[in-house]
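The values are calculated or read from the model by the stated rules, or taken from the named source; none is laboratory data. Owing to the predicted nature of the structure, the values given are computational and were not obtained by experimental measurement. With ideal geometry, Cβ positions are generated from the backbone for all residues, glycine too; neighbour counts draw on all protein chains shown. The area values use the complete protein model at the heavy-atom level, side chains included, leaving out ligands, DNA and RNA. Shrake-Rupley method; radii C 1.70, N 1.55, O 1.52, S 1.80 Å.
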Amino acid sequence: MAIREDPLNLVISGVGGQGNILLSRLIGQSLMNKGYFVAIGETLGVAQRGGAVMSNVRISAKMPFGPLIPEGKAHVILSLEPLETLRMLIRYGNPKVITITNFHPLFPVSVLSGKDRYPNYEALRQAITELSALVWFLDATDMGLKLGMPIVANVIMLGALIASSQLPLTRKDLEDEMRDTFPSERIELNLKAFEIGFKALRSQN
Amino acid sequence: MPSLAQGSPGSPQLFMGNKAIARGALEAGVQFAAGYPGTPSSEVVESLAQVAKETGIYVEWSTNEKVATEAAAAVSFSGLRALAAMKTAGLNVALDFLVHLNYSGLGKNGAGLVVVVCDDPEGHSSGDEADSRWVASSEGIPLLEPGSPQEAKEITKWAFELSEEFNGFFLIRSSTRLSLSTSLVTLGKLPHVEKKAHFDTSQCISPYLARLHHISVLERLAKVQETFERSSFNWYQGPENPELIIICSGVGSSYAVEAVESLNLGKSVGVLKLGTLWPIPKGLVAKHLAKTSRVLIVEEVDPFLETFVKKTAFESAKVSKSLKIYGKDSGHLPKVGELKPDTVLKALATLFQMEYLAREADYEQRANDAAAKLLIDRGVTLCPGCPHRASFWSIKKALQKDGRDGFLTGDIGCYTLDVFPAGDKLTKALHAMGSGVGLATGFGHLDRFGSEQPVIAVCGDSTFYHAAIPALLNAIHNKSNMVMVLLDNRTTAMTGFQSHPGTAFDAMENAAPTIDAAKFCRSLGCKVVVTDPFDIKGTTDTLLQLMKEDGVKVLIMQRKCELVRMREERRYPYKVWVDVEKCRGEKCGFCTKSFRCPGLLWDIETGKAQINEAVCCGCGVCVDICPFGAIVREEAA
Ligand code: SF4
Ligand code: SF4
């Protein structure tokens, strides 16, 4: 499988605590196994306390790149929260960018306390659509809740990303990687979550 | 995933910069590592701690960075390689020792000693953007700066060898973007080390007679420079006679290479990347300066290289006097904040009169419109169920009830979030580790000058052991009037739950003696009270009472960090809900506007509070802050 751009720039965004880092690790590790150069830049530290977090993943077949994606240069945005999809589009978007969003809003503190209003869902969905060349929306948190584990929304989204065929990775690549990564008692649940996300995206095509 | 000490030589691994440094230390045969946690440096020591049992090396979290470097130096004096790692703020703490250590050298039997310091440009997790390279230049300490995780591993290995060769410790400078970014690292071999430590008592390792030692520091630097001139960590790529050379270091080197490539300037621009930063390899730099007429310097944060490249150009006869040097002084790159690939791209484009557009103007416009219409910030806040939120609530109540315009001095930890945009801002002064208590000892003397304002210092448990103890002793001995509130959550939460002298385990997860903060403070002769911050009324009343008493009082608000509790117990204590009948809605809003746990949300439709089920962790404490008993809890099944 070849990559359509070199470097291929993937942004993974969300809110601290949603498990961004796990995704960038799983993806990075699988790409490395396939012989790609991978660099991952990440938000860590204070921002993890409920703040906006993101990972920049840069994939190349020819050379190692630095860990940060220049503004306006994302090819794919995978986001665990819709306001964060928009934030990333504003920073990294361009007419060719593809977005996959977990449309399950998480309110910032200012909204929880009634100081700010979370953007109107329809307007938000529309803005994301208008700024993307191709969009997918799913509610992975809800799917996770149905599994009794809302936290696996991240792995559900990973399934969706792989199903979108934007990365040079197959379903099996990730399944193997997950088997290597998770402690045995959590493997089944995560494979299930991955499959749910994979199918959810495919069913939209 | 294999551990840091596994994996076959030659195979690639994905490591973040800090982990790569740790692996480099293992490949160099390090036997002892110490540090104090601090973003972006914690993973260096943490990664080594994780393989301590497997490899037989010794790793500790020391009470502070000075102690960490002292302990590591002692091991180096005794013939075993040692490492200490810290963030920039911590280097300041360790500096008193390090300056003198640089004079004394490592003694007759000295083994490699490497000190890793991680700067935090942009202050992502710090109160400063300090560039620690100046410390190397002002104190005459040799310094290396890697540009990628792979290089971080190699340079660390080399630093141990150099340290032995030159009988002095070497500094490795990293920064957030390198320390916390992940990329491919090819593993090397792990050596077998004969571990026989011996301290040669025929010597005394000391910087005294300083003048003589100062001479040897300068001589050492001169010799190190000769070695640096030939180092493969300094490399050049590009045409023989480039129109412009980018001189860069650290993560800036990958941005420089990328900028040349994206702007298609490979035929006119060369990149000289430096990995040996102090002393500057002046000969090498001068040789390249002589081949071009323009230079752009790309580095993080201050114009450090820029200053010394200019000096080199001035001193070298071969360099054209009309050479133009661009960078931070010329305004092509910013003097504040983290370096970004975009800024380098723009600077280079400007110098070649090219236009660099991140994206089409029309898209830019649409993105900006969407931002103006829809985007809101997402502030950082304490976790749901965090004991600090309850502690701050009680402090706020006590200050209000006391009514003498009292205030809080703050410190470094999760509770620092109080001064962030989404915080309560009860904290009126906040600087460095332990400074909350130090400031309070001064404020606590203001009564002699007519002030009636009471002062409270907050300080976390790890911070208390790190730097607050001397301030507390000072306050007691010099009869200051203050309350120290110890926010004791039984861990070093902010940086990832590391051990400290108050925990029952150490960095290697062995059982360890606990230093009981309450007993310790009592032994100093001050009044000490311990409360549970979730007992809001009891805590508030106690604090109010202590504020009225003279002298130094210590109030320990003790409850486990919620994230640690959850990891251990894996269950929510309560089921919590809002009784909409009792909730007074807009007339109150106490819980969401004032207490502001993210587990509570304001339902705009009904105008009442609601539990945010996906977020609430059922700690139940908001039940006690609602003045109308509208929040209800029931023991979870
Ligand atoms: S990590 Fe612990 S101490 Fe820090 S904000 Fe969360 S609950 Fe509070
Ligand atoms: S019970 Fe109340 S204070 Fe505790 S986490 Fe839930 S909403 Fe927050």
Just to be sure, is B:Arg378 basic (Lys, Arg) and farther than 26 Å from B:Asp550 by Cβ?
yes
Can you work out which of the residues in segment A:8-34 that are within 9 Å of chain B (Cβ to nearest Cβ) and without any contact (Cβ under 8 Å) to a residue 60 or more places away in the chain is most open to solvent (accessible area, probe 1.4 Å)?
A:Gly17
Among the residues of segment B:179-203, which ones are out of contact with any Ser or Thr (no Cβ under 9 Å at 6 or more places or on another chain), more than 30 Å from B:Pro2 (Cα to Cα) and surrounded by fewer than 11 Cβ atoms within 10 Å (Cβ to Cβ)?
B:Thr201, B:Ser202
Would you say B:Asp402 is among the acidic types (Asp, Glu), modelled with pLDDT of 95 or more and buried (at least 16 other Cβ atoms within 10 Å of the Cβ)?
yes
Out of curiosity, is B:Arg173 among the basic types (Lys, Arg), open to solvent by less than 70 Å² (accessible area, probe 1.4 Å) and under 25 Å from B:Val45 (Cα atoms)?
yes
Quick one: which residue in B:Lys346, B:Lys340 is buried (at least 19 other Cβ atoms within 10 Å of the Cβ) and more than 28 Å from B:Thr495 (Cβ to Cβ)?
B:Lys346
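Residue-by-condition table, conditions (1) facing chain A (nearest Cβ under 8 Å); (2) within 16 Å of ligand 1 (Cβ to nearest atom):
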{"residue": "B:Ala347", "(1), (2)": "no, no"}
{"residue": "B:Thr350", "(1), (2)": "no, no"}
{"residue": "B:Asp362", "(1), (2)": "no, no"}
{"residue": "B:Ala372", "(1), (2)": "no, no"}
{"residue": "B:Ile376", "(1), (2)": "yes, no"}
{"residue": "B:Ile395", "(1), (2)": "no, yes"}
Quick one: is B:Arg366 within 16 Å of ligand 1 (Cβ to nearest atom) and without any contact (Cβ under 8 Å) to a residue 40 or more places away in the chain?
no
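Residue by residue, here is whether (1) under 20 Å from B:Leu351 (Cα atoms); (2) touching a residue at least 40 places away in the same chain (Cβ under 8 Å) holds:
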| site | (1), (2) |
| --- | --- |
| B:Leu263 | yes, yes |
| B:Lys267 | yes, no |
| B:Ala286 | no, no |
| B:Lys311 | no, no |
| B:Glu315 | no, no |
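If the requirement is being within 25 Å of A:Gly17 (Cβ to Cβ), in contact (Cβ under 8 Å) with a residue 12 or more places away in the chain, surrounded by 15 or more Cβ atoms within 10 Å (Cβ to Cβ) and among the hydroxyl-bearing types (Ser, Thr, Tyr), which of these qualifies: B:Thr592, B:Thr539?
B:Thr592 is the lone residue from the list that is within 25 Å of A:Gly17 (Cβ to Cβ), in contact (Cβ under 8 Å) with a residue 12 or more places away in the chain, surrounded by 15 or more Cβ atoms within 10 Å (Cβ to Cβ) and among the hydroxyl-bearing types (Ser, Thr, Tyr).
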Give all pairs with beta carbons closer than 6 Å in which a residue from segment B:76-99 that is assigned by TED's automatic domain parsing to the domain that holds B:Gly110 and under 17 Å from B:Gly110 (Cα atoms) meets a residue that is among the charged types (D, E, K, R) and outside any helix (DSSP H, G or I); count only pairs at least 6 apart in sequence or on separate chains.
none
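Quick grid of which residues meet (1) within 16 Å of ligand 2 (Cβ to nearest atom); (2) under 17 Å from B:Ser480 (Cα atoms):
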site	(1), (2)
B:Ala504	no, no
B:Met508	no, no
B:Thr514	no, no
B:Ala518	no, no
B:Lys527	no, yes
B:Val530	no, no
B:Lys537	yes, no
B:Glu549	no, yes
B:Val552	no, yes
Which condition from (1) within 16 Å of ligand 2 (Cβ to nearest atom); (2) open to solvent by less than 30 Å² (accessible area, probe 1.4 Å); (3) not small (Gly, Ala, Ser) is the one that B:Lys582 breaks?
(2)
If you scan segment B:64-122, which residues turn out to be over 19 Å from B:Ala507 (Cα atoms) and of a type in the set (Ser, Thr, Tyr)?
B:Ser76, B:Ser78, B:Thr88, B:Tyr103, B:Ser104
Taking the criterion of being crowded, with 18+ Cβ neighbours inside 10 Å and within 16 Å of ligand 2 (Cβ to nearest atom), would at least one residue in segment B:406-420 satisfy it?
yes
If we scan segment B:534-543, do we find a residue that is in a loop (DSSP other than H, G, I, E, B) and closer than 27 Å to B:Leu48 by Cα?
no
The one condition B:Arg378 fails out of (1) basic (Lys, Arg); (2) modelled with pLDDT of 95 or more; (3) surrounded by 21 or more Cβ atoms within 10 Å (Cβ to Cβ) is (2)
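Please find, among B:Ser137, B:Ser125, the residue that is touching a residue at least 24 places away in the same chain (Cβ under 8 Å), closer than 22 Å to B:Ser435 by Cβ and open to solvent by 10 Å² or more (accessible area, probe 1.4 Å). Walk me through how you get there before you give the answer.
Details: B:Ser137 fails: closer than 22 Å to B:Ser435 by Cβ.
The conditions single out B:Ser125.
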Counting only residues that are within 16 Å of ligand 1 (Cβ to nearest atom) and within 13 Å of chain A (Cβ to nearest Cβ), give me the strands (runs of 3 or more DSSP E) lying completely in segment B:570-636 with at least 1 of them.
B:600-603
Only one of (1) more than 14 Å from chain A (Cβ to nearest Cβ); (2) crowded, with 22+ Cβ neighbours inside 10 Å; (3) within 16 Å of the chain's Cα centre (by Cα) does not apply to B:Asp131, and that is (2)
